[in-house]
1. Can you tell which of 263, 238, 243, 256 is within 30 Å of residue 390 (Cβ to Cβ), of a type outside the set (A, V, I, L, M, F, W, C) and out of contact with any helix residue (DSSP H, G or I) (no Cβ under 8 Å at 6 or more places or on another chain)?
2. Hey, residue 34 hits all of (1) modelled with pLDDT of 80 or more; (2) in a helix (DSSP H, G or I); (3) surrounded by fewer than 23 Cβ atoms within 10 Å (Cβ to Cβ) but one; which does it fall short on?
3. Starting from segment 405-434, keep only residues that are over 17 Å from residue 374 (Cβ atoms), then list their pairs with residues that are among the charged types (D, E, K, R) whose Cβ atoms are within a distance under 7 Å, requiring at least 6 positions of separation or different chains.
4. I'd like to know if segment 421-433 contains one or more residues that are over 17 Å from residue 268 (Cβ atoms) and in contact with a Lys or Arg (Cβ under 8 Å, 6 or more places away or on another chain).
5. Any chance segment 307-315 includes a residue that's of a type in the set (D, E, K, R), assigned to a helix (DSSP H, G or I) and touching a helix residue (DSSP H, G or I) at 6+ places or on another chain (Cβ under 7 Å)?
6. Under 20 Å from the mean Cα position of the chain (by Cα), farther than 18 Å from residue 217 by Cα and at pLDDT 85 or above, is that true of residue 18?
7. Considering only segment 338-360, how many residues are in contact (Cβ under 8 Å) with a residue 40 or more places away in the chain and among the hydrophobic types (A, V, I, L, M, F, W, C)?
8. Take segment 320-368 and flag every residue that is surrounded by fewer than 20 Cβ atoms within 10 Å (Cβ to Cβ) and not in a helix (DSSP H, G or I).
Amino acid sequence: MPELSRDEITDGSLVRALVLLAAPLVLQNFVQVAQQVVDTFWVGRLGEDAVAAVGLSFPLTAILFAIFMITNIGTQVLVSQRVGADDEAGARRAAFHGITLAFVMGLVLIGLVFLFIPDVVFLFGATSTVTSLTIVYLTTYAFGLPIIGMGDAIEFGFIGWGDSRAALYINVVAVAVNIILDPFLIFGYWIPGFDGLQIAGAALATVLGYGISSLLALGMMLHGRDGYTLTRNSMTFRMGDYRELVDIGLPMFGQRLAGQSVRVLIVGIVAVAGGPAALAAYNVGARIASVAFIPASGLSQAAQSIIGQNLGADKPARARRTTWVGVVIAMVGLTLVGTVQWVVPELLVETFVPDMSPEGFELTVQYLQILVYGYWGIGAIYLFNAGFNGARRTKVSLIADLLKYWGVRLPIAAVGVMWLGKDVNVVFWAVTISNVVGAIGAGAYYYYSTSNGMLQRAAKAATSAAD
């Protein structure tokens, strides 16, 4: 794959810049989903209760990781804008502040998990078996949060710098370790006298995979890549840099929390409406659908860095074009992916969980086909959010997600289930409708904001900060 120079990000073909920067991120995101797929594959061999437990754990772990959005997005945006303004020393300093803040946040999260997670899980009303398995999975997973958070901050700094290949290498190592360890730790295969840790083994394999990859990320940064490294001057503790990171990233924490908290409530509604079969269907459907979102997610991360660097270089018009070009690419790409999902949903379900109950299988197929109607909207939302985030307007992304999840998805799901006699399909439709409404709203507001000087003001702020 050709190298992408910094000049191409601010002066060359936008399509080429987006594709070259996004390609490793798309592969990286496929690798991340592969970790989820591997866990689902092996956990599926433990039975439907174990699959349901991982499904219940998924939105809860996402809430835990939501706090790292502060350091992830804050680091990426601040590094990208400072690099675009030719302030490499400031960019390296921003990365160091993101890394140290993420590590401390991870330590705090360990304590919160052990204090509150057991009580939180019991609130969902799942069966005692599913509840117990969920608690085991989450408490095991929690031990890896500090080093995983640190590794993510380093990775997002690489992306902000314009080096998306480093992110790919880091995640390939994580999943490779996870794939190797899963059969050993879950079932004890090929280890005499060891029967495996079952669901705790799945969590531990994930933690070790991402823990080792985080150490690799730190080693890559210490060694240095294209100027992105830790220097003695960058390892300072400045409250101003921490405040900037938090100011940019905190709304992203709120955005992720808004989405994941609704997903937790949706899981509860699904459990009440359809029981373990519906819960397993929702989990498997969400995991399969997450594969479809990968191109848009990688493109969004690339666009965010390109937008940030162009604003730092005082090129707001190019930043605006980046968003719209990305929107078109994402919408077309996800529509094509959705077409495949619509045609062969049964094959996808059989591949992920071959011994699923007939009821769970049917519900999963229905969920996958309903999701397809909103795939174009998901692609658009990713890129519009990137447009706002790259301009440090992360509060707009927060408000958009609050409206999408709390204003549309949750009310439709909750009220629909009550009115339609616990029909879980109404929950599936609530997801798709909220994605369509969110895309239309985000697009309209982005057009309005950019027509009224949002990006010009963001470019002025970025360049004056560098001066």
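The values are calculated or read from the model by the stated rules, or taken from the named source; none is laboratory data. Note that the structure is predicted; figures quoted are calculated from it, not measured. Methodologically, a virtual Cβ is constructed for each residue, glycine included, from the backbone with ideal geometry; neighbour enumeration extends over all protein chains shown.
1. Testing whether each residue is within 30 Å of residue 390 (Cβ to Cβ), of a type outside the set (A, V, I, L, M, F, W, C) and out of contact with any helix residue (DSSP H, G or I) (no Cβ under 8 Å at 6 or more places or on another chain) leaves just 243.
2. For residue 34, the exception is condition (1).
3. 417/423
4. Taking every residue of segment 421-433 in turn, at least one turns out to be over 17 Å from residue 268 (Cβ atoms) and in contact with a Lys or Arg (Cβ under 8 Å, 6 or more places away or on another chain).
5. So far as segment 307-315 goes, no, none of its residues is of a type in the set (D, E, K, R), assigned to a helix (DSSP H, G or I) and touching a helix residue (DSSP H, G or I) at 6+ places or on another chain (Cβ under 7 Å).
6. When the stated conditions are applied, residue 18 passes them.
7. Summing the residues that are in contact (Cβ under 8 Å) with a residue 40 or more places away in the chain and among the hydrophobic types (A, V, I, L, M, F, W, C) in segment 338-360 gives 5.
8. Those that are surrounded by fewer than 20 Cβ atoms within 10 Å (Cβ to Cβ) and not in a helix (DSSP H, G or I): 344, 354, 355, 357.
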